């Protein structure tokens, strides 16, 4: 089962926390958080690309053969969320940089820790090892 959610803070520094979790009943949850600084070209490009495409791929590698991808899962992004990406990217361009990206990252990390138990409950309630997409 896959889960994704995106959290955004505008101040003190515009940043997105892109949360992906992959879960199965035997191994539990694997958390894949990614922080996107929306004052950088890379952060802007990634969030806009996610909004435009509406999905992303998760690549899995076998530990015994890490040079070759063993499996690929696709995770979709809800249309309402995709529209927010454009809004966030546009707003972030107008905000004056405060050089406090680490403070925003800390705020997002705290929110993530609060959300983890709720996300885990959703994943466990789905109780399937078949590819299932759940969005927050």
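The values are calculated or read from the model by the stated rules, or taken from the named source; none is laboratory data. In this text the structure is predicted, and so the values were computed from the model without any measurement. Heads up, the Cβs are rebuilt from the backbone with ideal geometry, glycines too, and the neighbour counts pull from every protein chain shown.
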Does residue 54 meet the test of being out of contact with any strand residue (DSSP E or B) (no Cβ under 6 Å at 6 or more places or on another chain) and either surrounded by 12 or more Cβ atoms within 10 Å (Cβ to Cβ) or modelled with pLDDT of 95 or more (or both)?
yes
When you scan region 32-45, do you find a residue that is surrounded by 15 or more Cβ atoms within 10 Å (Cβ to Cβ), under 17 Å from the mean Cα position of the chain (by Cα), under 15 Å from residue 83 (Cα atoms) and in contact (Cβ under 8 Å) with a residue 24 or more places away in the chain, even just one?
yes
In region 105-116, the residues that are loosely packed, with under 15 Cβ neighbours inside 10 Å and in contact with a strand residue (DSSP E or B) (Cβ under 6 Å, 6 or more places away or on another chain)
111
Condition met for residue 44 (more than 29 Å from residue 28 (Cβ to Cβ) and either touching a helix residue (DSSP H, G or I) at 6+ places or on another chain (Cβ under 8 Å) or at pLDDT 95 or above (or both))
yes
Among the residues of region 1-12, how many are more than 15 Å from the chain's Cα centre (by Cα) and in a strand (DSSP E or B)?
0
Give just the number: which of (1) touching a helix residue (DSSP H, G or I) at 6+ places or on another chain (Cβ under 8 Å); (2) under 18 Å from residue 14 (Cβ atoms) does residue 77 not satisfy?
(2)
So, in region 88-104, of the ones that are part of a helix (DSSP H, G or I) and surrounded by fewer than 16 Cβ atoms within 10 Å (Cβ to Cβ), which residue ends up farthest from the chain's Cα centre (by Cα)?
94
Counting only residues that are touching a strand residue (DSSP E or B) at 6+ places or on another chain (Cβ under 8 Å), touching a residue at least 60 places away in the same chain (Cβ under 8 Å) and either closer than 26 Å to residue 102 by Cβ or outside any strand (DSSP E or B) (or both), how many does region 13-28 have?
7
Restricting attention to region 50-64, which residues are more than 15 Å from residue 4 (Cβ to Cβ) and either assigned to a loop (DSSP other than H, G, I, E, B) or within 13 Å of the chain's Cα centre (by Cα) (or both)?
63, 64
